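I have placed the structure first, in the form of structure tokens, so that the comments after it can refer back to it.
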Amino acid sequence: AAAELWASCKESGETDGDCESMIRDEFVRVSGAAESTFDQAMKEKVKRLGNAIKDGVPIVMVKFKRMLVDALTSDTSCTTTLETAFANAAFNAAAANNSNVSRAIARACRVVDQA
């Protein structure tokens, strides 16, 4: 949603600053995440995909043999300790059921639904 908004915003001739503000708001609205999770790296990913959409570059979705695990906690902030603990728990559960599991990737956590 945010990448499509970037594409249409840039096509309408708006400034980068105006478009960045719009995509940040859209990201927060759609994801339910705290505004702080829309960091520079996320903004660049959205803009890169949005530019590809704007330029008519074919978008290819690639399926990997991965299992995505979402974990929820009542904690009110993100810590690397939580990220590591969740990745380790996911790896242990997956490895117990499949001998081909080789690793778990810890992803940055996001605080959602703060209300």
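Read-outs throughout are calculated quantities, based only on the coordinates presented, and are distinct from any laboratory measurement. Please read all numbers here as calculations on a predicted model, not as lab measurements. Ideal geometry is used to build each Cβ from the backbone, glycine not excepted, and the neighbour counts take in all protein chains shown.
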Residue in the range 58-78 that is surrounded by 10 or more Cβ atoms within 10 Å (Cβ to Cβ) and part of a helix (DSSP H, G or I) present: no
Residue in the range 19-47 that is nearest to ALA3 (Cα to Cα), counting only those that are touching a residue at least 40 places away in the same chain (Cβ under 8 Å) and not β-branched (Val, Ile, Thr): LYS47
Qualifying residue in the range 90-103 (condition: touching a residue at least 40 places away in the same chain (Cβ under 8 Å), outside any helix (DSSP H, G or I), out of contact with any Leu (no Cβ under 7 Å at 6 or more places or on another chain) and charged (D, E, K, R)): no
ASN51, sole failed condition from (1) in a helix (DSSP H, G or I); (2) without any contact (Cβ under 8 Å) to a residue 24 or more places away in the chain: (2)
